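> Just passing along the structure, written as structure tokens.
The values are calculated or read from the model by the stated rules, or taken from the named source; none is laboratory data. It should be emphasised that the depicted structure is a prediction, and the values quoted were computed from it without experimental measurement. So basically every Cβ, Gly included, is an ideal-geometry build from the backbone, and we count neighbours across all protein chains shown.
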Amino acid sequence: MRVMPIRYARDVDASVRFYRALGLDLQAVSRPGAWAELAGSAGVLAVHAGGDGNAGSCELAFEADEPLEAVVARLRAAGFGCEDIVDENFGRSVRAADPDGAWVQVNEHDRELYT
């Protein structure tokens with residue numbers, strides 16, 4: 001079974017450009033343009049403890065298979081902004097807002113740090 005999060009967007013074309021700039025590959029597209037599927041190399045469902053403010057919410061996150069600098073450069077070349085790359089206790093991470101303003105996290109995991 002594959003994990004397939006659904007991101008509802010005001011502008012499907014703009015969102016497709018954003019997620020392609022992140023590194024996903026465009027797959028199927030509906031004829032009227034109401035939806036598109038973009039594929040990555042694999043998927044994982046992460047479950048994190050949530051407090052009263054975010055329990056039940058969902059955030060899109062991706063594990064990069066390339067240096068985060070390449071992801072940032074591609075996003076910026078496509079006209080999208082992103083935050084600076086930061087060191088985390090699991091590796092490095094960068095966040096970018098998609099065209100609807102939803103934050104998307106891209107991580108480089110270093111499993112030696114936490115396993």
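> Kindly indicate the residue of the range 10-25 that is aliphatic (A, V, I, L, M) and under 14 Å from the mean Cα position of the chain (by Cα) and also surrounded by the fewest Cβ atoms within 10 Å (Cβ to Cβ) among those meeting that condition.
Among residues in the range 10-25 that are aliphatic (A, V, I, L, M) and under 14 Å from the mean Cα position of the chain (by Cα), the one surrounded by the fewest Cβ atoms within 10 Å (Cβ to Cβ) is Leu24.
> Another question about this same structure. Taking the range 26-58 as the region of interest, how many residues are within 15 Å of the chain's Cα centre (by Cα) and hydroxyl-bearing (Ser, Thr, Tyr)?
Number satisfying all stated conditions: 1.
> Hey, another quick one. So, of the residues in the range 1-43 that are among the small types (Gly, Ala, Ser) and touching a strand residue (DSSP E or B) at 6+ places or on another chain (Cβ under 6 Å), which turns out to be farthest from Val71 (Cα to Cα)?
Checked the range 1-43; the qualifying residue farthest from Val71 (Cα to Cα) is Ala28.
> Against the condition under 21 Å from Gly101 (Cα atoms), among the charged types (D, E, K, R) and either out of contact with any helix residue (DSSP H, G or I) (no Cβ under 7 Å at 6 or more places or on another chain) or modelled with pLDDT under 95 (or both), how does Glu63 come out, does it pass?
On the way: under 21 Å from Gly101 (Cα atoms): yes; among the charged types (D, E, K, R): yes; either out of contact with any helix residue (DSSP H, G or I) (no Cβ under 7 Å at 6 or more places or on another chain) or modelled with pLDDT under 95 (or both): yes.
Against the criterion (under 21 Å from Gly101 (Cα atoms), among the charged types (D, E, K, R) and either out of contact with any helix residue (DSSP H, G or I) (no Cβ under 7 Å at 6 or more places or on another chain) or modelled with pLDDT under 95 (or both)), Glu63 qualifies.
> Only one of Arg92, Arg74 is among the charged types (D, E, K, R) and surrounded by 17 or more Cβ atoms within 10 Å (Cβ to Cβ); which?
Values: Arg74 fails: surrounded by 17 or more Cβ atoms within 10 Å (Cβ to Cβ).
Exactly one residue qualifies, and that residue is Arg92.
> Now, a different point. Would you mind stating whether Arg7 is part of a helix (DSSP H, G or I), within 13 Å of the chain's Cα centre (by Cα), among the charged types (D, E, K, R) and surrounded by 13 or more Cβ atoms within 10 Å (Cβ to Cβ)?
Against the criterion (part of a helix (DSSP H, G or I), within 13 Å of the chain's Cα centre (by Cα), among the charged types (D, E, K, R) and surrounded by 13 or more Cβ atoms within 10 Å (Cβ to Cβ)), Arg7 does not qualify.
> Further question on the same structure: Can you pull out the residues in the range 80-106 that are part of a loop (DSSP other than H, G, I, E, B) and either in contact with a strand residue (DSSP E or B) (Cβ under 9 Å, 6 or more places away or on another chain) or touching a residue at least 24 places away in the same chain (Cβ under 8 Å) (or both)?
Phe80, Gly81, Cys82, Glu83, Asp84, Ile85, Asn89, Phe90, Asp98, Pro99, Asp100, Ala102
> Just wondering, is there one or more residues in the range 51-60 that are surrounded by fewer than 15 Cβ atoms within 10 Å (Cβ to Cβ), closer than 17 Å to Gly23 by Cβ and in contact (Cβ under 8 Å) with a residue 60 or more places away in the chain?
No, that holds for no residue.
> Looking at Arg74, Arg20, which is the one that is among the basic types (Lys, Arg), in contact with a helix residue (DSSP H, G or I) (Cβ under 6 Å, 6 or more places away or on another chain), farther than 18 Å from Asp110 by Cα and in contact (Cβ under 8 Å) with a residue 24 or more places away in the chain? Give the derivation first.
Details: Arg20 fails: in contact with a helix residue (DSSP H, G or I) (Cβ under 6 Å, 6 or more places away or on another chain).
The conditions single out Arg74.
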